[in-house]
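Asks: Below is the structure I would like to discuss, written out as structure tokens.
Since every read-out is calculated from the coordinates, none of them should be taken as a lab result. What you see is a predicted model; the values in this text were computed from it and never measured. Methodologically, a virtual Cβ is constructed for each residue, glycine included, from the backbone with ideal geometry; neighbour enumeration extends over all protein chains shown.
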Amino acid sequence: MLDLLWLVPALPLAGALALLAGALRFGKRTTTAIGVGSAGLTLAAVAAILVQYAGMHGETVARHVFNWISAGDVTVDFALRLDPLSAVMLSFVTLVGFVIHVYSIGYMHTEGDRAYARFFAYLNLFMFAMLTLVLGANLVVMFIGWEGVGLCSYLLIGFYFDKEYCAAAGIKAFVVNRIGDFGFLLAIFWAFKVFGTVDFAGMATALAADPGRYAAAVTPIALLLFVGAIGKSAQLPLYVWLPDAMAGPTPVSALIHAATMVTAGVYMVVRCNFIYRLSPTAMLVVAAVGGVTAIFAATIGLAQNDIKKVLAYSTVSQLGYMFLAAGAGAFAGGIFHVFTHAFFKACLFLGAGSVIHACSGEQDMRRMGGLAKKIPVTYWTFMVATLALCGIPPFAGFFSKDEILGRVFAAGAGNLNGFGASYLVLWALGLAAAFLTAFYMFRAVYMTFHGEFRGTPEQWHHVHESPGTMTWPLKILAAGSALVGLLGVGTAITFGTDLNWFESFLHRVAPTVEVEHAPALATEWVLILLSVAVALAGILLARRFYSGAEAFAAPQRMAERAPAVYAAVANKYYVDEAYDRAVVRPLGKLARFSWKGIDTIAIDGTLNASAFFTEIAGDLLRFLQTGNVRNYALFVLCGALAAAAWLLL
Amino acid sequence: MRADLIALLPELMLATLAMAVLLAGLASGKARHGLLGAGAVLALAATGVTLWLAAGATDPGAHFFSGMFVLDHFAIFFKALFLLTAALVVLLSHDYLKRNDYRPGEYLALVMFATVGMMTMASGVNLAVIYVGLELMALSTYILAGYFRREVKSHEAAAKYFVLGAMSSGILLYGLSLIYGATGTLDLATLARVLASAKPGPSALVGVALLACGFLFKVAAVPFHVWTPDVYEGAPTPITAFMSVGPKAAAFAMFLRVFIGGLAPLAASWIWLVGVAAALTMIWGNVAALTQDNVKRMLAYSSIAHAGYALVGLVAGGPAGVNSVLFYMLVYTVTNIGAFGFVILLESRGYAGETVADYAGLARRHPAAAFGMLLFMLSLGGIPPTAGFMGKLYLFAAAVNAGYVWLVVVAVLMSAVSLYYYLRIVLQMYLREGDGAEPATLVAAPWTERVIWACGVAVLVIGLLPAPFLAAARAMAGAVGLL
Amino acid sequence: MISTAHVLVLSLALFTLGVVGMAVRRNFITVLMCVELILNAANLNFIAFSRQLGDLTGQVFAVFVITIAAAEAAIGLGIIVALVRLKQTVNLDQVNVMEG
Amino acid sequence: MTWFLVHFAEIVFYSLAAVALAGAVGVIAFRSPVHAALSLLGTFLAVAGVFVLMQAEFLAAVQVLVYAGGVMVLFLFVIMLVKARDIPDEPQYVRRLVPAAVGLGALLAALVGVGIWAASGGLPADGAALRMVAGAPLGNTEAVGWSLYRDYLLPFEVVSIVLLVAMIGAIVMGRKESGRGGAA
């Protein structure tokens, strides 16, 4: 079965190609059979592979599909790699992916046949790209998947092409991601130059053999890779695209912008942990960006009223946690959070989709309320996932978040790489973010499901529970949110008995960086209780503010008392505006300058001879692309002059 | 003499067949588009076969015609590429000439003569041969640019191209004369020997500078790119496609042969000149393309930018650099011809196909062709799994390995910028609906469509399985050098 | 004795006049004449170097240059004739439909 | 008188150079294309004279025949055909463009001049080499001819195609377009 590893990405690709080959002319039934069927087959194949792999004690299995680039000193194989890390990723990507495919049958059924087929074609294509990313045995194959998921994300965000802002959001996502890819690409080149290979195994071997030789290159490569991760995983300062990406259909938000694609950055950092662990600076940068993003996005989440936007900022914040973990050396802990987060965040998004579906497309929580009675399945699953996200035991998020905070604290207390104080600060930020997370999530729960309905009576009349194809995925994911945490129970919780299956499974490829003086068991217990207490405090505060008779009064007062702070938070700290000022408009001006100023204006005497120097300057610009041959000739003359001067002087 | 003729056989054959096509065109009047087009394609195919046979029958290291002509792997690669380009352009032109009602005879013959000139440039190891090949190519292209004589823009393109082309080749020639004066030879191998043995004087440096100007003009690099947008916009679209790949690739062949080969001892002097030109070209081309609404013009600026990328490979030098340029030329050729093919499909009633807005909603009306265009745009933007990504990867890897990290930083940044304008077209096709009473539709042009299909498949195949193509590009860097 | 430098100075002057002329004149026919000036300048160089080096290459190359110059002139004049037919002008400044 | 004889070549060269330069200036300065063409003719002939001084008699003949005879006639013919008259430049435009072009041109000339000056040492070799083929003395015409057909056969052939292309080009461009679809 392991020889059929190539089937895993190939199956969804085949599905996508079949849908495209049908030129999108299939009816809904055929489309469903192909689109969901291929995802199901992929899941089955992965299950079979993982069952076999379970007995192999975490060996690394590499399969060369074909020799891909081979020219001179450049050789890159299209090779797939199955190891504990990619196995974990495979398991939840295919499972969550399949569940979301099923969910989409119900969610997208109102679309026309062609849009429906297009949607599933893109979704299958995404699965192909994501699985390629996960299974890639070298940086280039990973980059192919990396670009592929970006492209699919772009296509799916802009899915509703009749809505102008969707298309704009798609472009924004793509262009911002390119900035990240720029770093990734440079890292690939640099790694190639330094190691002579971009194969993960090859690079790891080279580094293990002679770490001193590569000491100078490790930090820049790690940082450049991290630039890529920042873009893909929506960290400061490149997070701006993710909230806008919520313009896409909700299953897309759940699959791509919560469970899988956005975690690719974390996966990449962990995949390259053999590079990161050699560079304390890069580790600290990763942790700092993650920690600051976690708290920053959480504060923005406090003031969002669009249910999907709340979840989007929550995703950004949780991704920050994952990087915080990786930066503190808890690579397995970071991946564990990726794993649990996939379940509860997908569940939350699908639940939000169900809510939106029930409210006839309404996304503003201010016009919801009291929905728990009418859509109980959605409510209860949403509740489970929320508790998991807030880190309430025994739900999944508790174990993973606790692991992260514990490890960061340990890194601080044990003075990891001499940056102990910094890690302690980051731990405090993480703890604060946990409080905020609990607060804004329960704010959303209260605003959506409790109290009185605040929409129109007509809307209320229409509210109905979603069909089975949508509720069953919710139930499955809710069950996952409740249970998967048990795979990685921290040693402190079991009083020192090592039941942390997850970490020992990953130990072979992503061992945790141990600090010299691990905190005492008692300290760990204090930390655990502290984080639970903080989460409970957040929940209670939200309850006080957003439920009962006094609902909304307190936050209203707060907004009145500190309007500037509230406005800043509600407007996402004006980051989009700042980008617009600092980047978009100057670029536009530059473009206009090179077009109008440099390229367009003909010499038509419009110039008034107000000042001699303006005239000369204007003329020089006009010479450039005036449509006038003589000016072009002058250009050539200037060029010749410059060339001759260059070589002679 | 016999060996000489065998080595020259492909050029002789193509020139002869071009004359045959010319005469057939004169004899048959204007109506025989199919016949003449088929004849031209067959002639190019036959030349390809001849090339293959001639390559088998000659020693790649041997020199012919008093040491002026070689048929090494480098030359064979480029000649095959030129023949492919010419054949695709002939196919693209078929429907276009017919639709616009222009005589095919002279047109096809001129395309073939230009190809003869390009092939001569690729094989020449003597500056005299390279120069006459260059002029043959250039003069044919001037006429082709102005072939649509009822169009003002076509005339304008010819006039501008001619004036600036003549000026640049004059400058080039003056540089050549100074190099000849300083070294006493026009033979590239001797040139390299002479330059390596004695410290070259300033007159040789001035000569190299002026020569570089001429070459940079031919590849449309900043600041010698000024002619490109106007000429590309005005010329008949298949000819624009031709100019953007064929003569450009030929210019790169000559650039590599002369600069990496004959002028290698002076590399320290010219490498920075070319490097800075490459950086400026990438920046200028991409930034200026951002705001273009006319698609042909946008593609013109895009092709300027791509010349900049290829120059990065030239600066990198060495076998890896040269390979990467060769491979990039192949990638760029299939991609760009495909993209222009799509423009031709849309160019039906004078206005359509010109502005980006004409592309609105095309994916819905013409899913297959639009998908091809999507591939071409992604390939030009360098997104995997298309050929363009492989080309750039290989090119930039060569430059990083050669130590030109700053140049690669510029290149990668600029290719990120370039996505913005490539995606504008994709966005229009896929995400917008055509507004206005009469949305643009594609004209029926079976051969153009077939070319688009072929190019689309090539873009994917090269992107997914680049190994054999890289190997072909690499073959030349084995035992045989550039001289 | 006329040294090579004498001829080079003359050729440089012709070259410069030709290049400058192309940039300042807008009569297409005059521009074409300026091209001829540049080519003549290059030929002067070839001939002078040929004598200095005692090497025939320069002279032979000059023959090619003259031939190509004639071909170029023929095509250039053809373009002029066509242009005049269409636009009734040889003024290059009026050849500017396309810009930007 | 002796001085005159000793410096005969120089005197001839300077006179020719003066004519060539005057002609070149005339090309640019004259408004009327006919005048410009005639002064270009002067340059051509003077350059042919320099060729003779440089012991390139064959080239001189080619220059006179091809340039003065062929190309110049073509020029005059087209000038007559298109009735090209002087196009007055807008004064303010000229004022801005000309100094820039002349300045840049002068700079280029200075640069190239410096380059050439520093390199143009060495006395001319014996002109006899230009009349030798395979060691045997011949006339310059014969020597160039031998060289053309033996060593430079390939570019010679290519140039012949260039001439063919020029012919096609002149026909294609010059042909009268008789309405849509009409050609030749």
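Asks: Show me the ranking of peptides B:363-371, D:49-57, B:39-47, A:460-468 by mean Cβ neighbours inside 10 Å, starting with the highest.
Replies: Packing proxy ranking, top to bottom: D:49-57, B:39-47, B:363-371, A:460-468.
Asks: Give me the log10 of I(q) over I(0) for the protein assembly as shown at q = 0.04, 0.06, 0.07 Å⁻¹, as the Debye formula computes it from C-alpha points; what are the numbers?
Replies: -0.29, -0.61, -0.79
Asks: With r defined as the distance between the Cβ atoms of residue B:45 and residue A:75 and R0 fixed at 22 Å, what FRET efficiency is calculated, to the nearest 0.05?
Replies: 0.05
Asks: Where does segment B:1-56 land on the Kirkwood hydrodynamic radius, alpha-carbon pairs, in angstrom?
Replies: Roughly 12.0 Å, rounded to one decimal.
Asks: Okay, moving on. So for segment D:1-85, Kirkwood radius off the Cα pairs, Stokes-Einstein at 37 °C and 0.692 mPa s: how many µm² s⁻¹? Write down the numbers at each step before the final one.
Replies: On the way: Rh = 13.8 Å.
The estimated diffusion coefficient comes to 238 µm²/s.
Asks: Suppose R0 equals 60 Å. What FRET efficiency, 1/(1 + (r/R0)^6) with r the Cβ-Cβ distance, do residue A:498 and residue B:272 give to the nearest 0.05?
Replies: The formula returns an efficiency of 0.50 here.
Asks: Report the Cα centroid-to-centroid distance between segment D:7-59 and segment A:326-379 in angstrom, as an integer.
Replies: If we compute the Cα centre of each part, the gap is 88 Å.
Asks: Counting pairs of Cα atoms in segment A:368-496, how many percent are more than 23 Å apart?
Replies: Of all Cα-Cα pairs in segment A:368-496, 48 percent lie more than 23 Å apart.
Asks: Given the convex hull of the Cα atoms of segment A:341-413, what is a quarter of its surface area in nm²?
Replies: So the Cα hull casts an average projection of 6.0 nm².
Asks: Under 5 Å between amide H atoms, partner at least 5 residues away or on a different chain: which partners does residue B:187 have, H built in plane at 1.01 Å?
Replies: Hits under the 5 Å cutoff: B:127.
Asks: Now for a separate question. Averaged over its residues, how many other protein chain Cβ atoms are within 10 Å of peptide D:35-41's Cβ atoms?
Replies: Mean shielding count: 3.
Asks: While we're looking at this one, here's another question. Apply 1/(1 + (r/R0)^6) to the Cβ-Cβ distance of residue D:171 and residue D:138, taking R0 = 45 Å, and write down the FRET efficiency to the nearest 0.05.
Replies: Efficiency, rounded to the nearest 0.05: 0.70.
Asks: Given H placed on each backbone N at 1.01 Å, which residues far from residue A:75 in sequence or on other chains put an amide H within less than 5 Å of it?
Replies: Correct list: empty.
Asks: Starting from the exponent 0.38 and prefactor 2.2 Å, build the expected Rg for chain C from its residue count and divide its actual Cα Rg by it.
Replies: 1.32
Asks: How far apart, in nanometres, would the label points at residue C:5 and residue A:479 be if each is projected 7 angstrom from Cα along the Cα-to-Cβ direction?
Replies: Modelled inter-label distance: 9.8 nm.
Asks: Rounded to the nearest 500, what is the 222 nm mean residue ellipticity of chain B from helices alone, with -39500 (n - 2.57) per DSSP H run of 4+ residues and division by all residues? Before the final figure, lay out the partial values.
Replies: On the way: 19 runs with 369 residues, N = 483.
When only DSSP H runs of four or more count, the value is -26000 deg cm²/dmol.
Asks: Length gain on complete extension for the stretch residue A:21 to residue A:3, per 0.36 nm per residue less the alpha carbon to alpha carbon distance?
Replies: Contour length minus the Cα-Cα distance gives 3.7 nm.
Asks: Can you run the Rg to Rh ratio on segment B:239-322? Use alpha carbon positions and the Kirkwood inverse-distance Rh. Don't jump to the answer; show the numbers that get you there.
Replies: On the way: Rg = 13.9 Å, Rh = 13.5 Å.
In segment B:239-322, Rg relative to Rh is 1.03.
Asks: Expressed as a rounded percentage, what relative contact order does segment D:1-85 have, with Cα pairs under 8 Å and six or more residues apart?
Replies: Values: 71 pairs, mean separation 22.6, N = 85.
Answer for segment D:1-85 is 27 percent.
Asks: Quick one: divide the alpha-carbon radius of gyration of segment A:488-542 by 2.2 N^0.38 Å and tell me what you get. Please report the intermediate quantities before stating the final value.
Replies: Working: Rg = 14.2 Å, N = 55, 2.2 N^0.38 = 10.1 Å.
Normalised Rg, Cα atoms only: 1.41.
Asks: Considering only B:345, A:631, A:105, whose Cα is most displaced toward the positive end of the charge dipole of the protein assembly as shown, charges sitting on Cβ of Lys, Arg (+1) and Asp, Glu (-1)?
Replies: A:105
Asks: Take residue A:367 and residue A:60, extend 7 Å from each Cα along the Cα→Cβ direction, and tell me the distance between the two endpoints in nm.
Replies: Placing both labels 7 Å beyond Cα along the Cβ direction yields 5.4 nm.
Asks: If you bin every alpha carbon distance in chain B into 20 Å steps from zero, what whole percent lands in each bin?
Replies: Result, from short to long distances: 26, 60, 14, 0 percent.
Asks: If you don't mind, another one. With 16 Å as the cut-off, how large is the P(r) tail for segment B:289-388, expressed as percent of Cα-Cα pairs?
Replies: Values: 2974 of 4950 pairs.
Taking all Cα-Cα pairs of segment B:289-388, the fraction more than 16 Å apart is 60 percent.
Asks: Okay, moving on. Only counting other Cβ atoms within 10 Å, I'd like D:32, B:324 sorted with the fewest neighbours first.
Replies: By the 10 Å Cβ count, ascending, the order reads D:32, B:324.
Asks: Now a separate question. Run the simple label-point estimate for residue D:52 and residue A:525 please: 7 Å along Cα→C-beta, distance reported in nm.
Replies: 11.7 nm
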